[in-house]
Amino acid sequence: MDVAAARWKTFPAERTVLAVARTVTSTARLLEVLPDVFRGDPRVEVTFGHDRSSAFHGGVQDLLRASDVRVIPWENATDVPSDLVITASENARFDHLKAPVLVLPHGIGFQKLVPDARGPERRHSGVVPRSLLRPERSWYAVSHPAQAEQLGALRPDLAGRTLLVGDPCHDRLLTGAPLRDRYRRGMGLPRGRVPRLVLVASTWGPESLMGRVPQLPRRLLAELPLDEYRVAATVHPNVWFGHSPWQLRVIQRDALEAGLILIPPFAGWQAALTAADVVVSDHGSLSLYAAAVGKPLLLAAFGRESVPGTAMAALGRVAPSLAPDKGLLDQIEAAIERHRPERYQDVARRAFHEPGRTLSRLRSAVYQLLELAEPPWPTASAPPFPLPVPERTESTAEVVLTHLARENETWSVDVRRFPAAARPERPESARRFSHLASEVSGLERSWAESASVLTDDTAPRSPEEAERRIEGMLRHHPGCRIAAVPLADGVLLGWRDGRRVMVNATGVLAGPRLISAVGYACLRAGIPPTGTFLLRVGERSAEVTLRPRSAL
């Protein structure tokens, strides 16, 4: 460290580290591992150099600002002498730096071919080109001995330049596995098995899931019943910032309005993966992480970018595919029901060597490169990832499908709901009906104006107020056939012909929009809305009692 500058420092740093911030993906990986590597040690000062040369540099500045790190422009990197450069991006200009360079993977190994910014060819992701870094100054952290062999075969001049440390993300996923229920609640899901969470995960580029089937999130929302499934999506930061967050949201607007849970580009996909019941993905690293932690997996795309002979290529051969042009519900349910957690163990063993030891190995490697004694305290165990902070809009309008049947002396009503914005199909038959149900005060007024069933989910203070609300909904919405208002002891339904019906149910199936589906089935079938009905929603059921009530 510069002697003059040291006069103003509080911590007497003996070594300085320059961390390369070039893309959101590579910067996020450094921010995930460096705090644990240098935990508690005032002898090492870390400065981030912001390299803006990438086509995907958007978002990096926001991420660095949110992380409160010290940042210098990359062109001034040589102004701060450093003892070690740590990067998870292989494309920065390292040739003007003098310190050794430790290259961390921002995915899993060297398993993907990506466009080369310096020409028309493709290159192996994770490998620094010869023109940017001399072999004798570079070190590569790998998670498996096979990656060292692959690098040596690909670049003989890099043979012996690898450090076997493990995969920090994989270790943290294993640590966070017991927190699944907390992660689910962080994504707005209740405790328990229902609803199941489908995680759509895409890498970047035209061969990715988003490149091949960008409408898949909307189609999943249109075909998976709302009371049984939720859909989340995590998209590679290169999609967010290679285009723009605005562009991505425009493309996914129907899905977002239908309730898609969108994971932000900076963090949260790890928690979403842990919370997921099934993952629909492609040849991105997240698929391999999902397989390694025992998740059911369907591949909706698998590009030619996958490098033969790698663990990812092996996963592409054994994981089942999703056929986007066929019914999605059956494929999702089959993937969950037929899955065995040990299914991908052999593939995982080809990517992750001795999991659980990454932090200690990485810290030892870093301090050896710094020629500094490790701190005397042991490394902490890999911390779990924080709770997600997803982007989500609740659906206020649904297409409701009801199937009315007579079972012995009791009518049963099977209900499936789908977000209206997802544009689900609306099949009809003699005993199968469909209708649009909407919250009367939803943000999108067009749904309420065309709904057959309107609900006011705010509980009124008295039966008289409930009656006034029903009359108002029917008067101001000519297309509405049934209005529903919750009361302390049930739900009051109002017909346009003046009939009023009090409905009682218990548990999670007692909400106005589910309850009103029973009344609508009676209306369409022409049967009296009175007596006890069996309401079934997926695997759950409840007895629902309808009692006629005079209008006040």
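Just to be sure I understand, how many residues within the range 141-190 are small (Gly, Ala, Ser) and either part of a loop (DSSP other than H, G, I, E, B) or closer than 30 Å to Ile261 by Cα (or both)?
Here the count works out to 8.
Here are some residues: Gly188, Gly126, Gly160. Which one is crowded, with 22+ Cβ neighbours inside 10 Å and on the phi > 0 side of the Ramachandran plot?
Gly126
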One residue from Asp116, Asp83, Asp95 being among the acidic types (Asp, Glu), out of contact with any strand residue (DSSP E or B) (no Cβ under 8 Å at 6 or more places or on another chain) and farther than 21 Å from Trp269 by Cα: Asp95
Qualifying positions in the range 122-141 - hydrophobic (A, V, I, L, M, F, W, C) and at pLDDT below 90: Val127, Val128, Leu132, Leu133
Residue within the range 233-246 that is touching a strand residue (DSSP E or B) at 6+ places or on another chain (Cβ under 8 Å), under 30 Å from Val415 (Cβ atoms) and open to solvent by less than 10 Å² (accessible area, probe 1.4 Å) present: yes
Helices (runs of 4 or more DSSP H) (entirely within the range 218-324) containing at least 3 residues that are under 15 Å from the mean Cα position of the chain (by Cα) and farther than 27 Å from His124 by Cα: 269-275
The range 89-146, residues that are under 17 Å from Ser54 (Cα atoms) and of a type in the set (Gly, Ala, Ser): Ser89, Ala92, Ala117, Gly119, Ser125, Gly126, Ser131
Criterion: open to solvent by 70 Å² or more (accessible area, probe 1.4 Å) and modelled with pLDDT of 95 or more - qualifying residue of Arg481, Arg549: Arg481
Single condition Leu372 does not satisfy, out of (1) in contact with a His (Cβ under 9 Å, 6 or more places away or on another chain); (2) touching a residue at least 12 places away in the same chain (Cβ under 8 Å); (3) surrounded by fewer than 19 Cβ atoms within 10 Å (Cβ to Cβ): (1)
Segments classed as helices (runs of 4 or more DSSP H), wholly inside the range 1-120, with at least 1 members that are open to solvent by less than 40 Å² (accessible area, probe 1.4 Å) and touching a Phe, Trp or Tyr at 6+ places or on another chain (Cβ under 8 Å): 24-37, 60-67
Answer from Ala380, Ala365, Ala405 - the residue that is outside any loop (DSSP other than H, G, I, E, B), exposed (fewer than 15 other Cβ atoms within 10 Å of the Cβ) and among the hydrophobic types (A, V, I, L, M, F, W, C): Ala405
Residue within the range 502-518 that is open to solvent by less than 40 Å² (accessible area, probe 1.4 Å), in a helix (DSSP H, G or I) and among the hydroxyl-bearing types (Ser, Thr, Tyr) present: yes
Residue list for the range 12-36, filter: under 24 Å from the mean Cα position of the chain (by Cα) and of a type in the set (Ser, Thr, Tyr): Thr23, Thr25, Ser26, Thr27
The range 480-501: number of residues that are touching a helix residue (DSSP H, G or I) at 6+ places or on another chain (Cβ under 9 Å) and either without any contact (Cβ under 8 Å) to a residue 12 or more places away in the chain or assigned to a loop (DSSP other than H, G, I, E, B) (or both): 3
Positions within the range 206-226 being more than 18 Å from Leu273 (Cβ to Cβ), open to solvent by less than 20 Å² (accessible area, probe 1.4 Å) and in contact with a helix residue (DSSP H, G or I) (Cβ under 9 Å, 6 or more places away or on another chain), in sequence order: Leu221, Ala222, Leu224, Pro225
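The values are calculated or read from the model by the stated rules, or taken from the named source; none is laboratory data. All of these numbers come straight from a predicted model, not from anything done at the bench. Cβ coordinates were reconstructed from backbone atoms using ideal geometry, including for glycine residues, and neighbour counts include every protein chain displayed. Remember, those area values only see protein heavy atoms, side chains included, never the ligands or the DNA or RNA. Shrake-Rupley method; radii C 1.70, N 1.55, O 1.52, S 1.80 Å.
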